[in-house]
1. Give the residues of the stretch 196-231 that are more than 25 Å from Phe126 (Cβ to Cβ), out of contact with any Lys or Arg (no Cβ under 7 Å at 6 or more places or on another chain) and either part of a helix (DSSP H, G or I) or assigned by TED's automatic domain parsing to the domain that holds Ala127 (or both), sorted by residue number.
2. Any idea which residue in the stretch 144-203 is nearest to Arg128 (Cα to Cα), counting only those that are of a type in the set (Lys, Arg) and in contact with an Asp or Glu (Cβ under 9 Å, 6 or more places away or on another chain)?
3. Find the strands (runs of 3 or more DSSP E) located wholly in the stretch 83-195 whose residues include 2 or more that are under 18 Å from Val20 (Cβ atoms) and either assigned by TED's automatic domain parsing to the domain that holds Leu64 or not aromatic (Phe, Trp, Tyr) (or both), and list them.
4. What number of residues within the stretch 206-223 satisfy the criterion of being more than 23 Å from Met132 (Cα to Cα) and either of a type in the set (Ser, Thr, Tyr) or surrounded by 17 or more Cβ atoms within 10 Å (Cβ to Cβ) (or both)?
5. Could you go through the stretch 157-171 and let me know if any residue there is closer than 19 Å to Leu75 by Cα and within 13 Å of the chain's Cα centre (by Cα).
6. Taking the stretch 100-126 on its own, how many of its residues are among the small types (Gly, Ala, Ser) and surrounded by fewer than 24 Cβ atoms within 10 Å (Cβ to Cβ)?
7. Check Gly117, Gly161 and return the single one that is in contact with a strand residue (DSSP E or B) (Cβ under 9 Å, 6 or more places away or on another chain) and not polar (S, T, N, Q).
Amino acid sequence: RLQGQALGFVGLGKIGSGMVGNLTAAGAQVFAYDPSPESMAHAVSTAGATAAASAADVAGKARLVLTAVPNDQVLNSVTEELLPALAERGDQAVHISVSTVSPAASRELAARHADRGVGFVAAPVFARPDGMRRGEATIPLSGPAWARALARPVLERTSLGVHDFGEDAGAANVVKLGGNFLIAAAIESMAEAAALAESQGVDRERFVSLMSSTIFDCLIYRGYGHRVAAR
């Protein structure tokens, strides 16, 4: 468990707030920040977060800080504030990025963090918001070995498994982008097959239900099949 451990979190959208809830349930005290007052209030009231005043304030309260933001640009913007505050700590601080960003962005950020004596690890999550709330994420992880060792116990408390892809900080993002491609391809193939069944007078919902419960009985087909069947 993470009993009594101080963690930081920046970015309290659906994925971020779900992760915060899992971490507080595991015993951590999570100091959290989001520029949206509504997201902050929700994380405090439903996920057990402790509100922080800014990203820099988060870094002042915890040596391990997770960020969950929508894209490269926002991650870079958050890092501008977060990194100097983490560097000032001088205690092997680590920035854990759980965002889906480009491999190039993670590699560039890893170099910037290393120059300041701070670890940067990429840990983009495979999960829908409901799955994240249940702690059912799958997380590829990459970055410096010492930083991965600190990040892993935290990530294990909000996932079904953490999968190590080595020192290259961009590697985990390559895995995430490749996985997203496979998910999109699966959804497209389900839609095409359901359309074929329907065009020949076969009930599309029964068809998809059969496929996703037998020869394609796996997370993606089960999770998205009923959405495809219902259009």
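The values are calculated or read from the model by the stated rules, or taken from the named source; none is laboratory data. Since this is a predicted model, take the numbers as computed values, not measurements. Reconstructed Cβ throughout: ideal geometry from the backbone, glycine too, with neighbour counts over all protein chains shown.
1. Matches in the stretch 196-231: Leu196, Ser199, Arg204, Glu205, Arg206, Phe207, Leu210.
2. Of the residues in the stretch 144-203, the ones of a type in the set (Lys, Arg) are 148, 152, 157, 176.
Remaining after also requiring in contact with an Asp or Glu (Cβ under 9 Å, 6 or more places away or on another chain): 148, 152.
Numbers: Arg148: 24, Arg152: 20 Å.
For the stretch 144-203, the residue satisfying everything is Arg152.
3. Details: elements: 94-97, 119-122, 137-141, 159-164.
Correct list: 94-97, 137-141, 159-164.
4. Of the stretch 206-223, the ones more than 23 Å from Met132 (Cα to Cα) are 206-211, 214-215.
Then drop every residue that is not either of a type in the set (Ser, Thr, Tyr) or surrounded by 17 or more Cβ atoms within 10 Å (Cβ to Cβ) (or both), which leaves 207-209, 211, 214.
Summing the residues that are more than 23 Å from Met132 (Cα to Cα) and either of a type in the set (Ser, Thr, Tyr) or surrounded by 17 or more Cβ atoms within 10 Å (Cβ to Cβ) (or both) in the stretch 206-223 gives 5.
5. Scanning the stretch 157-171 turns up no residue that is closer than 19 Å to Leu75 by Cα and within 13 Å of the chain's Cα centre (by Cα).
6. Initially, the stretch 100-126 is screened for residues among the small types (Gly, Ala, Ser), giving 102, 104-106, 110-111, 114, 117, 119, 122-123.
Retained after the next criterion (residues that are surrounded by fewer than 24 Cβ atoms within 10 Å (Cβ to Cβ)): 102, 104-105, 111, 114, 117.
Result for the stretch 100-126: 6.
7. Working: Gly117 fails: in contact with a strand residue (DSSP E or B) (Cβ under 9 Å, 6 or more places away or on another chain).
The unique qualifying residue is Gly161.
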